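Enquirer: Take this structure, written in structure tokens, and hold onto it; I'll ask about it next.
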Amino acid sequence: MAKIYVASSWRNKYQPEVVRFLRENKHEVYDFRNPHGNTGFSWSEIDPNWKDWGIDEYKEAIKHPIAEAGFNSDFNAMKWADTCVLVLPCGRSAHTEAGWMKGVGKKVLVYQIWAEEPELMYKIYDDIITTGKELLASLD
């Protein structure tokens, strides 16, 4: 049984299904959308107009207690996990999480369900997985 950090995007409609699938197969999984039974971090909790921020507003907001709590929840889960599953498509945060986890020696699997633009630097990770069956085999 693996302790898994699922790195993805709020926009990825398959992320909840991947979390459910891994849990059904007896893995421990951190879900950034529902960490510890709570709602995951959202910039809109700090400011409903967050999309209109300039760099100075962003630099201040990242210090906000809500942002700190969200970061600590995710980062503590990254330290806890032994494996990262990077569920594509995703953005900068998920790639930063996967890169940090690989950098500290944890297993990182790229879960690419359909064809996307090729990425050479994914060679740094342990495998590129395309099916649930492959995912489970790579976790054993």
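The values are calculated or read from the model by the stated rules, or taken from the named source; none is laboratory data. In this text, all values refer to a predicted model and were calculated from it rather than measured experimentally. Every residue, glycine as well, gets a Cβ built from its backbone with ideal geometry; the counts of neighbours run over all protein chains shown. For the accessible areas, the whole protein counts, side chains as well, though only heavy atoms, and no ligand, DNA or RNA atoms are used. Shrake-Rupley method; radii C 1.70, N 1.55, O 1.52, S 1.80 Å.
Enquirer: Keeping all protein chains in place and using 1.4 angstrom, which order do Ser44, Ser138, Ser93 fall into by accessible surface area, from largest down? Kindly include the intermediate steps, with their values, before the conclusion.
Expert: On the way: Ser44 55, Ser138 20, Ser93 80 Å².
Largest to smallest exposure gives the sequence Ser93, Ser44, Ser138.
Enquirer: If ligands, DNA and RNA are left out, what is the accessible area of His36 with a 1.4 Å probe, given in Å² to the nearest 10?
Expert: Accessible area, nearest 10 Å²: 140 Å².
Enquirer: Got a sec? What order do Cys84, Cys90 fall in by accessible area at 1.4 Å, biggest, i.e. largest, first? Intermediate values should be presented prior to the final figure.
Expert: Working: Cys84 0, Cys90 30 Å².
The residues order as Cys90, Cys84, largest area first.
Enquirer: Per residue of the range 23-36, in order, report the coupling 6.51 cos²θ - 1.76 cosθ + 1.60 (Karplus, θ = phi - 60°) as ³J(HN,Hα) in whole Hz, putting x for Gly and Pro.
Expert: For the range 23-36, the Karplus-derived couplings read 5, 4, 9, 6, 8, 7, 9, 8, 10, 5, 6, 9, x, 6 Hz, x marking Gly and Pro.
Enquirer: Determine ³J(HN,Hα), in whole Hz, for all residues of the range 79-88 in sequence, where each value follows from phi through the Karplus function 6.51 cos²θ - 1.76 cosθ + 1.60 and θ = phi - 60°; x replaces Gly and Pro.
Expert: Those phi angles translate into 5, 5, 6, 9, 9, 10, 10, 8, 8, 7 Hz.
Enquirer: If the only charges are +1 at each Lys and Arg Cβ and -1 at each Asp and Glu Cβ, what is the size of the charge dipole of the range 79-140 around the Cα centre, to the nearest 20 debye? List each step's numbers first, then the result.
Expert: Details: 7 positive and 9 negative charges, 49 e Å.
Computed charge dipole of the range 79-140: roughly 240 debye.
Enquirer: Seen from all sides and averaged, what is the projected area of the convex hull of the Cα atoms in the range 42-87, in nm²? Spell out each step's value before the answer.
Expert: Working: hull surface 16.3 nm².
For the range 42-87, averaging the hull's shadow over all directions gives 4.1 nm².
Enquirer: If you project the alpha carbons of the range 1-81 onto their three principal axes, what span does each projection cover, largest first, in Å?
Expert: Over the range 1-81, Cα extents along the principal axes are 44, 25, 19 Å.
Enquirer: Okay, moving on. With the crude spin-label approximation of a point 7 Å out along Cα→Cβ, what separation in nm comes out for Val104 versus Lys51?
Expert: Each label point is offset 7 Å from its Cα along the Cβ direction, giving 3.4 nm.
Enquirer: Taking the Cα centre of the chain as origin, sum charge times position over the Cβ atoms of Lys and Arg (+1) and Asp and Glu (-1), and report the length of that vector in debye to the nearest 20.
Expert: Details: 17 positive and 21 negative charges, 70 e Å.
That gives a dipole near 340 debye.
Enquirer: Relative contact order for the chain: what is it in percent, counting Cα pairs under 8 Å that are at least 6 residues apart? Present the calculation step by step, with values, prior to reporting the outcome.
Expert: Working: 177 pairs, mean separation 37.1, N = 140.
After rounding, I find 27 percent.
Enquirer: Under the rule of -39500 (n - 2.57) per DSSP H run of 4 or more residues, summed and divided by the residues of the chain, what mean residue ellipticity at 222 nm is obtained, to the nearest 500 deg cm²/dmol?
Expert: On the way: 5 runs with 53 residues, N = 140.
Result for the chain, helices only: -11500 deg cm²/dmol.
Enquirer: In addition: Return the Rg/Rh value of the chain, two decimal places, where both radii are evaluated on C-alpha atoms and Rh is the Kirkwood radius.
Expert: Checking Rg against Rh, the ratio lands at 0.98.
Enquirer: What is the distance, in nm, between label points placed 7 Å from the Cα along the Cα-to-Cβ direction at Trp10 and at Gln112?
Expert: 2.7 nm
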